[in-house]
Amino acid sequence: MPPVRRQLRGFDLKQIQGYECLLGVDEAGRGALAGPVVAGAVLVTPKFLEGRWAMTRAGRVNDSKQLTPAERDELWFEFETLAGQGEIHAQFGVGTVEEIETHNILGATKLAMRRALEAIYPPSAFERRVEPDLFASPEERAQFQATVNGRILIDGLALKHFPYPHSGVVKGDARSLCIAMASIIAKVTRDRMMDDLDRQYPGYGFAQHKGYGTEVHREAVLRLGRCPEHREMFLRKLLAQRTDPSQMDFLDE
């Protein structure tokens, strides 16, 4: 087992100190030419990180891009089982092609991440509140909701104007167990969406390259034109330089 993979759990054990839970967030599809951007969010607790699965099975978790499709699918199934048993919470959120065009890829990525987190806790759950004292009315006590004592880790740099308090972890999918788990959730979810799009829009090879700018994909776009799931802003330079393929290298992931 490579040392770096053993350290993912150790990193989270340090980050969760003083908190009741840790939420990892990552995305898939940010650099693709077609399809949505998808974010995953995974919540873990100290009990989970000290539990049997994390002790014996977490060493197989890694940045989703470093795993084979079979390895990702196997881990996805295990995550579903863990979630069903209440040991973790795992959710995903989607930023559509229309939202990418409207808000740009960063804005759509933020939307996807927010939706993944909202499926676990709303932003208001992380607001600091003062518990009503003995002199508060029954109505005030009934309306009070305790703040979640949790910490959110997002892969990459911290995001500006994001509704959740969080910390950015550069290369987090290779450092944090919950971020790496979130990256697998995002990747498997998006890959399945691209498989569906391949059946809906045959000829582009979406099931093969998942919408990224491979040579096969670029040639298909130049031959067939764009489909509704292509990101127009991402294709402009490709279509403008269709007579000079040597200038298309920038589209590779």
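The values are calculated or read from the model by the stated rules, or taken from the named source; none is laboratory data. Note that the structure is a prediction, hence the values are computed from the model and not measured. Virtual Cβ from ideal backbone geometry, glycine too; neighbours counted across all protein chains shown.
Looking only at region 198-208, how many residues end up being within 21 Å of the chain's Cα centre (by Cα) and surrounded by fewer than 21 Cβ atoms within 10 Å (Cβ to Cβ)?
Going through region 198-208 one residue at a time, the tally reaches 2.
Per-residue answers, yes or no, for (1) farther than 20 Å from GLY107 by Cα; (2) modelled with pLDDT of 95 or more; (3) surrounded by fewer than 24 Cβ atoms within 10 Å (Cβ to Cβ):
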residue	(1), (2), (3)
GLY156	no, yes, yes
VAL170	no, yes, yes
ALA182	no, yes, no
LYS187	no, yes, no
ARG192	yes, yes, yes
ASP196	yes, yes, yes
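Tell me which residues, restricted to region 171-206, are free of Cβ contacts under 8 Å to residues at least 24 places away in the same chain and aromatic (Phe, Trp, Tyr).
Residues satisfying the conditions do not exist here.
Please work out which residue is modelled with the lowest pLDDT, limiting yourself to region 240-253 and to residues that are in a helix (DSSP H, G or I) and surrounded by fewer than 13 Cβ atoms within 10 Å (Cβ to Cβ).
PHE250
Can you pull out the helices (runs of 4 or more DSSP H) entirely within region 1-90 that have at least 3 residues that are modelled with pLDDT of 95 or more and charged (D, E, K, R)?
3-15, 69-84
Which condition number in (1) in contact with a Lys or Arg (Cβ under 7 Å, 6 or more places away or on another chain); (2) of a type in the set (Lys, Arg); (3) within 18 Å of PHE11 (Cβ to Cβ) is the one that ARG72 fails?
Exception for ARG72: condition (3).
For the condition touching a residue at least 40 places away in the same chain (Cβ under 8 Å), crowded, with 21+ Cβ neighbours inside 10 Å and aliphatic (A, V, I, L, M), what is the one hit in LEU82, LEU43, LEU67?
Going through LEU82, LEU43, LEU67 in turn, just one is touching a residue at least 40 places away in the same chain (Cβ under 8 Å), crowded, with 21+ Cβ neighbours inside 10 Å and aliphatic (A, V, I, L, M): LEU43.
Of the residues that sit in region 209-225 and are under 19 Å from PRO69 (Cβ atoms) and surrounded by 14 or more Cβ atoms within 10 Å (Cβ to Cβ), which one is farthest from the chain's Cα centre (by Cα)?
Residues of region 209-225 that are under 19 Å from PRO69 (Cβ atoms), as a first pass: 209-212, 214, 216-217.
The next check asks that each one be surrounded by 14 or more Cβ atoms within 10 Å (Cβ to Cβ); those that pass are 209-212, 214, 217.
Values: HIS209: 19, LYS210: 16, GLY211: 17, TYR212: 17, THR214: 22, HIS217: 24 Å.
Here the residue is HIS217.
Only residues that are hydrophobic (A, V, I, L, M, F, W, C) and either at pLDDT below 95 or part of a helix (DSSP H, G or I) (or both): list them for region 91-123, please.
Once the filter is applied, which keeps residues that are hydrophobic (A, V, I, L, M, F, W, C) and either at pLDDT below 95 or part of a helix (DSSP H, G or I) (or both), region 91-123 yields VAL97, ILE100, ILE105, LEU106, ALA108, LEU111, ALA112, MET113, ALA116, LEU117.
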